[in-house]
1. When only residues in region 179-209 that are of a type outside the set (A, V, I, L, M, F, W, C) and within 20 Å of Gly50 (Cα to Cα) count, which is surrounded by the most Cβ atoms within 10 Å (Cβ to Cβ)?
2. Go through region 235-264 and report how many residues are more than 7 Å from the ligand (Cβ to nearest atom), within 17 Å of Val189 (Cα to Cα), open to solvent by 20 Å² or more (accessible area, probe 1.4 Å) and of a type outside the set (D, E, K, R).
3. Within region 9-43, which residues are part of a strand (DSSP E or B) and closer than 15 Å to Ile116 by Cβ?
4. Quick one: how many residues across region 281-292 are closer than 18 Å to Gly48 by Cβ, surrounded by fewer than 21 Cβ atoms within 10 Å (Cβ to Cβ) and either aliphatic (A, V, I, L, M) or within 12 Å of the ligand (Cβ to nearest atom) (or both)?
5. Just to be sure before I move on: is Ala277 assigned to a helix (DSSP H, G or I), open to solvent by less than 10 Å² (accessible area, probe 1.4 Å), in contact (Cβ under 8 Å) with a residue 24 or more places away in the chain and away from the ligand (no atom under 12 Å from the Cβ) in the structure I sent?
6. Could you check region 212-227 and list, in sequence order, the residues that are within 18 Å of Thr249 (Cβ to Cβ) and surrounded by 15 or more Cβ atoms within 10 Å (Cβ to Cβ)?
7. Among (1) closer than 18 Å to Leu208 by Cα; (2) among the hydrophobic types (A, V, I, L, M, F, W, C); (3) buried (at least 19 other Cβ atoms within 10 Å of the Cβ), which single condition is Ala174 missing?
8. How many of the residues making up region 60-114 are free of Cβ contacts under 8 Å to residues at least 60 places away in the same chain, farther than 22 Å from Arg12 by Cα and touching a helix residue (DSSP H, G or I) at 6+ places or on another chain (Cβ under 8 Å)?
Amino acid sequence: MTSTSASGNVPRIAVYGSINMDLVAYVPVRPASGETVAGTEFRQVPGGKGANQAIAAARAGGDTAFLGAVGDDPFGVQMRSALVDSGVDASELRTVPGASGVAHIVVEGDGANSIIVVPGANAAMTGITGAERTVLAGCDALLLQLELPMEGVVAAARAAREAGVRTVLTPAPARELPDELLDLVDLLVPNQHEAAAVTGEEDPRRALEALLRRVPEAVVTLGGDGSLHGERGGEPVHVPSRPVEAVDTTAAGDTFCGAFAVARAEGRGPEESMEFAAAAAALSVQRQGASTSMPRRAEIEALLA
Ligand code: ATP
């Protein structure tokens, strides 16, 4: 089935965000300073919250363009291909001199991980080019996260506002948000920890109330406890997560956000959009990996049928 927006077209989504090559080493116990240990497995997978959300949105049925930067190295070539293979328009993906962003991830036997992110080419995203503005202007929504320089995120949000495009922000990594950015956000999608970091409120309902004093619409995701939606002047709505056996929850939030943005851009209401997003995320947590675990629209619809 083809997805349709309120205007009768496939919804168009832009993501202005990070893209990294994840270099994942699995070890029984991580090395102490000065120590070398033998790992049991190694995986190299394209990641970064921006690229993950773009892949989630494309697979959920959005006509999705990614705005970001890779280096002029082999990782850059591989990451561009990974986006295209997932159906993401990478025609405005910048290639800049130097290294692509990388995330060195060490996963211990019990699943605990340590991550070093070297931004590389992502650091070039300090503004928005004319060609990127043109892509943005034809979209229904712009998805943003906080893994790029703040000045770039603000510039993209401002360009979206000027073009009448809805802005959707996942405030991750968790931090306080400048007013300059919050004033440009139409929909905020934090998890419980990020909502607490933005508002200072640990309780999700209180955090949601506080968020709605700053933005018109918000969804707080609650892991296995589902998600909580609010709009200014309306009653909060809770949608439970789907009861599934989770094997790897990496990028559950990015899957949820990409799918939710597509459903909203199709003109669906908040509750129906949360159910669509919860189904997408439930499918992803039953599989290993980040972008590799994200479901296609047909699978999401089959689960909802
Ligand atoms: P991540 O950082 O791993 O991307 P997150 O912390 O941003 O995730 P969560 O709040 O953990 O996001 O999860 C997002 C959504 O994914 C939830 O609202 C829920 O719909 C779904 N989800 C997460 N964990 C589970 C689970 N164990 N079972 C079913 N659904 C889940």
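1. In this case the residue turns out to be Pro190.
2. Going through region 235-264 one residue at a time, the tally reaches 4.
3. To start, the set of residues in region 9-43 that are part of a strand (DSSP E or B) comprises 12-16, 20-27, 41-43.
Selection gives Asn20, Met21, Asp22, Leu23, Val24, Ala25, Val27.
4. The number of residues fulfilling the criteria is 1.
5. Working: assigned to a helix (DSSP H, G or I): yes; open to solvent by less than 10 Å² (accessible area, probe 1.4 Å): yes; in contact (Cβ under 8 Å) with a residue 24 or more places away in the chain: yes; away from the ligand (no atom under 12 Å from the Cβ): no.
Spelling it out, it is not the case that Ala277 is assigned to a helix (DSSP H, G or I), open to solvent by less than 10 Å² (accessible area, probe 1.4 Å), in contact (Cβ under 8 Å) with a residue 24 or more places away in the chain and away from the ligand (no atom under 12 Å from the Cβ).
6. Residues of region 212-227 that are within 18 Å of Thr249 (Cβ to Cβ), as a first pass: 219-227.
Residues satisfying the conditions are Val219, Val220, Thr221, Leu222, Gly223, Gly226, Ser227.
7. All conditions pass for Ala174, except number (3).
8. Looking only at that region, the number is 7.
The values are calculated or read from the model by the stated rules, or taken from the named source; none is laboratory data. Just so we're clear, the structure is a prediction, and the values are computed from it rather than from any experiment. Virtual Cβ from ideal backbone geometry, glycine too; neighbours counted across all protein chains shown. Ligands, DNA and RNA are excluded from the accessible area calculation, which covers all protein heavy atoms including side chains. Shrake-Rupley method; radii C 1.70, N 1.55, O 1.52, S 1.80 Å.
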